[in-house]
Amino acid sequence: MFLQLGHHVHYIACFFIGIIAYRKKWFDYLTKKNSKLWIILAVSTIILFPAVTALSGILTLGTEVFMGGFHWQAYEYAIWESIMCVSIIITICHIFKSKYSTQNFFLRTLSSDAYATFIFHVIVIVMLNIFLRELLIPTAVKFLIVSITGIPLCFIIAHIIRRIPYVKNII
């Protein structure tokens, strides 16, 4: 998998939309009734994806026409990806708002360290991948090892960094 810089526009846009949504209290309007359309859209885009790509020629043309260039399949994929991502984000926001909106001390600590974790996680994950690069184990196992060790490690490092004087005020 290679780094797709084009997706960074989505990440930045989602970050700022999240800030606006919080300030304008959009999450207060995220009721079960309002979320139903997004839940249906998220599930249907995921379920229909294999059929739509097969009908669009992935079996005969390969994946190249879906990955970019002046092909209608690339446009279709970009539209599908955007709809799927937005609907999943809104669905997850609804699920977490309705079922997991309480915090204890541990979760408050993780929450306050989340932005620092976001900033520094790439360094930690890349370093873990470099350490595991030479191991002759399946990629899926490496993924599990990096996930299981990387997530807590990212939060621990972020927590330590935030304890540095004046850093807590910035991140």
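The values are calculated or read from the model by the stated rules, or taken from the named source; none is laboratory data. Since this is a predicted model, take the numbers as computed values, not measurements. FYI the Cβ positions are ideal-geometry reconstructions off the backbone, even for glycines, and counts take in every protein chain you see. Each accessible area value is taken on the protein alone, full model and side chains, heavy atoms only, with ligands, DNA and RNA left out. Shrake-Rupley method; radii C 1.70, N 1.55, O 1.52, S 1.80 Å.
Going through segment 89-101 one residue at a time, which ones are assigned to a helix (DSSP H, G or I) and either of a type in the set (Phe, Trp, Tyr) or open to solvent by 50 Å² or more (accessible area, probe 1.4 Å) (or both)? First the steps, then the outcome.
Of segment 89-101, the ones assigned to a helix (DSSP H, G or I) are 89-99.
Hits for segment 89-101 are ILE89, ILE92, ILE95, PHE96, LYS97, SER98, LYS99.
If you take the residues in segment 102-147 that are within 22 Å of HIS159 (Cβ to Cβ) and not in a helix (DSSP H, G or I), which one is least open to solvent (accessible area, probe 1.4 Å)? Taking the candidates together, the pick is ASN104.
Of all residues in segment 108-125, none are of a type outside the set (Ser, Thr, Tyr) and touching a residue at least 60 places away in the same chain (Cβ under 8 Å).
Here's the yes/no breakdown for (1) among the aromatic types (Phe, Trp, Tyr); (2) at pLDDT 85 or above:
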| position | (1), (2) |
| --- | --- |
| TRP26 | yes, yes |
| ILE46 | no, yes |
| PHE49 | yes, yes |
| ALA54 | no, yes |
| PHE66 | yes, no |
| SER82 | no, yes |
| GLN103 | no, yes |
| THR109 | no, yes |
| ALA114 | no, yes |
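Screening segment 54-76 for residues that are of a type in the set (Ser, Thr, Tyr) and open to solvent by 60 Å² or more (accessible area, probe 1.4 Å) and picking the one that is farthest from the chain's Cα centre (by Cα) gives THR60. Against the definition (within 25 Å of CYS93 (Cα to Cα), open to solvent by less than 60 Å² (accessible area, probe 1.4 Å) and free of Cβ contacts under 8 Å to residues at least 12 places away in the same chain), how does GLY18 come out, yes or no? Here the answer is yes, as GLY18 does meet what is asked.
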